[in-house]
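Undergrad: Mind having a look at this structure? Questions to follow.
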Amino acid sequence: MKAPCLLSLLFLALLATGSLSAEPALDFDIELTTINSGYDGKTCWVHPRLGAIPGTQPIVVLTMQKLLLTGSDVFYALHEMRTDDLGRHWSGPQKHDTLGRREGADGLIAVICDFTPQWHAKTGTLLGTGHVAKYEGDHLAKDYSRQTGYSVYDLTEKTWSRWDTVAMPDDSRFYSSGAGCSQRVDLPNGDILLPFYTRAKGEVRYTTSVMRCQFDGAKLRYVEHGPELALEVSRGMVEPSLTQFAGKFYLTIRNDQAGYVATSNDGLHFDPPKKWTFDDGTDLGSYNTQQHWVTHSDGLFLVYTRRGLDNDHVFRHRAPLMIARVDPQTLQVIRRTERVLVPERGARLGNFAITNVNEHETWVSVAEWMQRNGPDYVIPVDNPHGADNSVYVAKILWK
């Protein structure tokens, strides 16, 4: 047998130690822009999320809504910003009454929130999904029935349809269920895999699942859902996001103590979730907040916030916003690839979103959420870190 040459042995050694990745090289530049700013100390913009309408020159529509700073998750009508020239100019914010508050049959005030627009290729429409919050005065109602909400964008009129809700099976475990803050996957036949979380009335812990829906361009209908993923820790498993990469489905899930990841071959039935870690085995440090996917044909990435970045002054360590590549085999974040997407200025950067604008650009949108730790939780207008409720778009420019 011929002995291996020195170069071959060196290659195998590098591969074994992780110094040489088996994944194809994939690099990008980050271009950070501020598309809106200004802060009055009473309300702030939150939940900026993008939807791209494909074309020679893609149209990008961003939705966001105001938050009452003296409350907890007290939201108002969704507004829209829009760019027709890849972000050189933005219009808005423009309020849409069809995406505003209204009184429900239960006497509570309801509003659609945690809203994420995404292009649905089969019907050629921009479909936004989220869930419905309900209020008594300026406070969240106690243990209210919650639903998945949705709306459809009219490209000609530049308006959104009056928000509606998805009818779920008559089952007690869907008492409080919604698809807030989620990333979905649209299948080639037009069916939608929409991750959501749910619980029965009076329960504390949520379970996470993925529902398969059908959409005809106007109505979003539940068809089925996969087995529910449960975790007997704090509030359970919430705010899941789904992506598909190299023929497999990947789900990232929020828990109060850590982020989790699970995989599936069909997008409905998932392996047991595991905690997010770095590739050196240490905890990722992302907890009680969302993570979302950036998916490129040649690589899978996670966007997240975490501890350990000189950010103990930030609520739940939700800034800066980071991106790193994921090893799809080990389901670990590759530490050496970690980069800052949006820097920290004293305000949290949770509740962000991601959209593929075209094959060359992926955009991440986020706003400085002007609440902090402590009893005096409203960040003052004149604060030492400089946060001013800036709404950012971080463009990932693929090389």
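The values are calculated or read from the model by the stated rules, or taken from the named source; none is laboratory data. None of these values were measured; they are calculated from a predicted model. Neighbour counts are summed over all protein chains in view; Cβ atoms, including those assigned to glycine, are modelled from backbone coordinates with ideal geometry.
Undergrad: Give the residues of segment 139-164 that are crowded, with 17+ Cβ neighbours inside 10 Å and without any contact (Cβ under 8 Å) to a residue 40 or more places away in the chain, sorted by residue number.
TA: ALA141, TYR144, ARG146, GLN147, GLY149
Undergrad: Same structure again: Given CYS181, CYS213, which one is under 13 Å from HIS131 (Cβ atoms) and modelled with pLDDT of 95 or more? Please lay out each step first, then the result.
TA: Working: CYS213 fails: under 13 Å from HIS131 (Cβ atoms).
Answer to the check: CYS181.
Undergrad: State whether the residues of segment 326-341 include one that is touching a Pro at 6+ places or on another chain (Cβ under 9 Å) and part of a loop (DSSP other than H, G, I, E, B). Walk me through it before giving the result.
TA: Keep residues of segment 326-341 that are touching a Pro at 6+ places or on another chain (Cβ under 9 Å), which gives 340-341.
Right, trim to part of a loop (DSSP other than H, G, I, E, B) and you get none.
No, the conditions are met nowhere in segment 326-341.
Undergrad: Find all pairs meeting these conditions: Cβ atoms under 6 angstrom apart; at least six residues apart or on different chains; first residue within segment 347-371 and touching a residue at least 24 places away in the same chain (Cβ under 8 Å); second residue hydroxyl-bearing (Ser, Thr, Tyr).
TA: Going by the 6 Å Cβ cut-off, the qualifying pairs are GLY350/THR289; ALA353/THR116; ALA353/SER365; ASN356/THR362; TRP363/THR355; VAL366/TYR392; GLU368/SER390; GLN371/TYR377.
Undergrad: Working only within segment 236-263, note down all residues that are part of a loop (DSSP other than H, G, I, E, B) and of a type in the set (Gly, Ala, Ser). Even if it seems obvious, please write down each step before you answer.
TA: At the first step, the residues of segment 236-263 found to be part of a loop (DSSP other than H, G, I, E, B) are 237, 246-247, 255-258.
Within segment 236-263, ALA246, GLY247, ALA258 meet the criteria.
Undergrad: Something else now. Any idea how many residues of segment 364-385 are farther than 28 Å from VAL261 by Cα and not in a strand (DSSP E or B)?
TA: Residues in segment 364-385 being farther than 28 Å from VAL261 by Cα and not in a strand (DSSP E or B): 12 in total.
Undergrad: Considering only segment 372-392, I want to know if a residue exists there that is without any contact (Cβ under 8 Å) to a residue 24 or more places away in the chain, of a type in the set (D, E, K, R) and over 25 Å from VAL74 (Cβ atoms).
TA: no
Undergrad: Quick one: how many residues across segment 167-203 are of a type outside the set (S, T, N, Q) and either over 17 Å from the mean Cα position of the chain (by Cα) or surrounded by fewer than 16 Cβ atoms within 10 Å (Cβ to Cβ) (or both)?
TA: Going through segment 167-203, the residues of a type outside the set (S, T, N, Q) turn out to be 167-171, 173-175, 178-181, 184-188, 190-197, 199-203.
Keeping just the survivors that are either over 17 Å from the mean Cα position of the chain (by Cα) or surrounded by fewer than 16 Cβ atoms within 10 Å (Cβ to Cβ) (or both) gives 167-171, 173-175, 187-188, 190-191, 199-203.
Residues meeting the conditions: 17.
Undergrad: Which condition does THR263 not pass, out of (1) among the hydroxyl-bearing types (Ser, Thr, Tyr); (2) surrounded by fewer than 22 Cβ atoms within 10 Å (Cβ to Cβ); (3) touching a strand residue (DSSP E or B) at 6+ places or on another chain (Cβ under 8 Å); (4) closer than 25 Å to HIS47 by Cα, if it passes all the others?
TA: Against the list (1) among the hydroxyl-bearing types (Ser, Thr, Tyr); (2) surrounded by fewer than 22 Cβ atoms within 10 Å (Cβ to Cβ); (3) touching a strand residue (DSSP E or B) at 6+ places or on another chain (Cβ under 8 Å); (4) closer than 25 Å to HIS47 by Cα, THR263 comes up short only on (4).
Undergrad: Moving to a separate point now. Can you pull out every residue in segment 342-363 that is crowded, with 20+ Cβ neighbours inside 10 Å and either of a type outside the set (S, T, N, Q) or part of a loop (DSSP other than H, G, I, E, B) (or both)?
TA: Across segment 342-363, the qualifying residues are VAL342, GLU344, ALA347, ARG348, LEU349, GLY350, ASN351, PHE352, ALA353, ILE354, VAL357, TRP363.
Undergrad: Return the only residue of LEU50, LEU32, LEU67 being assigned to a strand (DSSP E or B) and under 16 Å from the mean Cα position of the chain (by Cα). Working first, answer last.
TA: Working: LEU32 fails: under 16 Å from the mean Cα position of the chain (by Cα); LEU67 fails: under 16 Å from the mean Cα position of the chain (by Cα).
The unique qualifying residue is LEU50.
Undergrad: Any chance you could count how many residues in segment 91-129 are out of contact with any His (no Cβ under 9 Å at 6 or more places or on another chain), more than 17 Å from THR355 (Cα to Cα) and not aliphatic (A, V, I, L, M)? Working first, answer last.
TA: So in segment 91-129, the residues out of contact with any His (no Cβ under 9 Å at 6 or more places or on another chain) come out as 91, 97-98, 100-111, 117-125, 128-129.
Add one more test, that the residue is more than 17 Å from THR355 (Cα to Cα), and what stays is 91, 97-98, 100-111, 122-123.
Imposing the further condition that a residue be not aliphatic (A, V, I, L, M) reduces the set to 91, 97-98, 100-104, 106-107, 122-123.
Residues flagged as out of contact with any His (no Cβ under 9 Å at 6 or more places or on another chain), more than 17 Å from THR355 (Cα to Cα) and not aliphatic (A, V, I, L, M) within segment 91-129 amount to 12.
Undergrad: Here's a follow-up. For segment 273-296, which residues satisfy the criterion of being in contact (Cβ under 8 Å) with a residue 40 or more places away in the chain and within 27 Å of ASP186 (Cβ to Cβ)?
TA: Matches in segment 273-296: PRO273, LYS274, TRP276, THR289, GLN290, GLN291, HIS292, TRP293, VAL294, THR295, HIS296.
Undergrad: In addition: Right, ALA394: farther than 18 Å from CYS44 by Cβ and of a type in the set (Gly, Ala, Ser) or not?
TA: Working: farther than 18 Å from CYS44 by Cβ: yes; of a type in the set (Gly, Ala, Ser): yes.
Judged against the criteria, ALA394 is a match.
Undergrad: Please go through segment 198-220 and give me each residue that is in a strand (DSSP E or B), farther than 13 Å from SER145 by Cα and either among the polar types (S, T, N, Q) or touching a Gly at 6+ places or on another chain (Cβ under 9 Å) (or both), ordered by number. Working first, answer last.
TA: Here is the first cut: in segment 198-220, the ones in a strand (DSSP E or B) are 198-199, 206-215, 220.
Filter once more, keeping what is farther than 13 Å from SER145 by Cα: 206-215, 220.
TYR206, THR207, THR208, SER209, VAL210, MET211, ARG212, GLN214, PHE215 - these are the residues of segment 198-220 that are in a strand (DSSP E or B), farther than 13 Å from SER145 by Cα and either among the polar types (S, T, N, Q) or touching a Gly at 6+ places or on another chain (Cβ under 9 Å) (or both).
Undergrad: Would you point out the residue of segment 78-102, among those that are charged (D, E, K, R) and assigned to a strand (DSSP E or B), that is farthest from ILE396 (Cα to Cα)?
TA: Applying the first criterion (charged (D, E, K, R)) to segment 78-102 yields 80, 82, 84-85, 88, 95, 97, 101-102.
After this cut, where a residue has to be assigned to a strand (DSSP E or B) as well, the list is 80, 82, 95, 102.
Values: GLU80: 22, ARG82: 19, LYS95: 28, ARG102: 38 Å.
Checked segment 78-102; the qualifying residue farthest from ILE396 (Cα to Cα) is ARG102.
Undergrad: Filter segment 97-117 down to residues that are in contact (Cβ under 8 Å) with a residue 24 or more places away in the chain, of a type outside the set (A, V, I, L, M, F, W, C) and surrounded by fewer than 21 Cβ atoms within 10 Å (Cβ to Cβ), then give me how many there are.
TA: Filtering segment 97-117 down to residues in contact (Cβ under 8 Å) with a residue 24 or more places away in the chain leaves 98-101, 104, 106, 108-117.
Then keep just the ones that are of a type outside the set (A, V, I, L, M, F, W, C); that gives 98, 100-101, 104, 106, 114, 116-117.
When the remaining residues are screened for being surrounded by fewer than 21 Cβ atoms within 10 Å (Cβ to Cβ), the result is 98, 100-101, 104, 106.
Number satisfying all stated conditions: 5.
Undergrad: Against the conditions (1) among the charged types (D, E, K, R); (2) surrounded by fewer than 23 Cβ atoms within 10 Å (Cβ to Cβ); (3) within 18 Å of the chain's Cα centre (by Cα); (4) under 24 Å from ASP73 (Cα atoms), where does GLU368 fall short? Just the number, please.
TA: (2)
Undergrad: Tally time: how many residues in segment 310-357 are under 16 Å from the mean Cα position of the chain (by Cα) and basic (Lys, Arg)?
TA: 2
Undergrad: Now for a separate question. Going by the structure shown, is THR282 of a type in the set (Val, Ile, Thr), under 19 Å from the mean Cα position of the chain (by Cα) and under 30 Å from GLY308 (Cβ atoms)? Steps first, answer last, please.
TA: Values: of a type in the set (Val, Ile, Thr): yes; under 19 Å from the mean Cα position of the chain (by Cα): no; under 30 Å from GLY308 (Cβ atoms): yes.
Considered against the rule, which asks whether it is of a type in the set (Val, Ile, Thr), under 19 Å from the mean Cα position of the chain (by Cα) and under 30 Å from GLY308 (Cβ atoms), THR282 comes out as no.
Undergrad: Another question, if that's okay. So which of VAL223, VAL233 is in a loop (DSSP other than H, G, I, E, B) and surrounded by fewer than 14 Cβ atoms within 10 Å (Cβ to Cβ)? Don't jump to the end; show me each part of the working.
TA: Numbers: VAL223 fails: in a loop (DSSP other than H, G, I, E, B).
Criteria check complete, one pass: VAL233.
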